[in-house]
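Take a look at the structure below.
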Amino acid sequence: VRRMLTLLLATTGKVLEASGGKEALRIIDAQRPRLMLLDMTMPGMSGLEVLKAVQDTAVEMTIIMLTSANDVELAKRALTLGAVEFITKPFDLKQLKEKVKRCLEAVPGDRKKDGGLPWRTVALPMRAKKMAKAGDDKVHG
């Protein structure tokens, strides 16, 4: 799925990919992306753990959560932590690409731009930076 999404979204801008949560945190710290597609299930850290770590940082980014679980409580937690969308697999690739485009075009603070898409930013805390550096440097997945 990660590889397919990388290819699909290459036309929307620069696409970075991580094979696990710790690698994602390192990339966020170094590259400061504006948007992240975050899977709930990854090696090393769950998507919610990554989302919590990203929440306290100075990096402003939009997060779209992806999951194979259709769990309302999980979706509520992800949205509470700052995700703007909670998308269950399988999903329509064209619709996902449109959501990504809308998120990238949205203006921070504009909560109703493009058909009601909410805008939330989250930031990566220093503790996440330390967690990523303290973790193993192996690429998983």
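At a probe radius of 1.4 angstrom, the accessible area of the range 1-59 per residue rounds to 51 square angstrom.
Proximity of backbone amide H atoms, modeled 1.01 Å from N, is registered between residue 66 and 38, 39, 40, 87 at under 5 Å, excluding neighbours fewer than 5 places apart on the same chain. The HN-Hα couplings worked out from phi for the range 14-19 by the Karplus form 6.51 cos²θ - 1.76 cosθ + 1.60 (θ = phi - 60°) are 5, 10, 10, 9, 10, 8 Hz, whole numbers, x standing for Gly and Pro.
Taking only protein heavy atoms and a 1.4 Å probe, the accessible area of the range 23-85 is 48% carbon and sulfur. Which entries in 52/94; 76/99; 22/94; 52/76 show an alpha-carbon gap greater than 23 Å? Too far apart for the 23 Å limit: 52/94; 22/94.
The values are calculated or read from the model by the stated rules, or taken from the named source; none is laboratory data. A quick note: this is a predicted structure, and the numbers were derived from the prediction, not measured. Heads up: the accessible areas ignore ligands, DNA and RNA and are worked out on the full protein's heavy atoms, side chains in. Shrake-Rupley method; radii C 1.70, N 1.55, O 1.52, S 1.80 Å.
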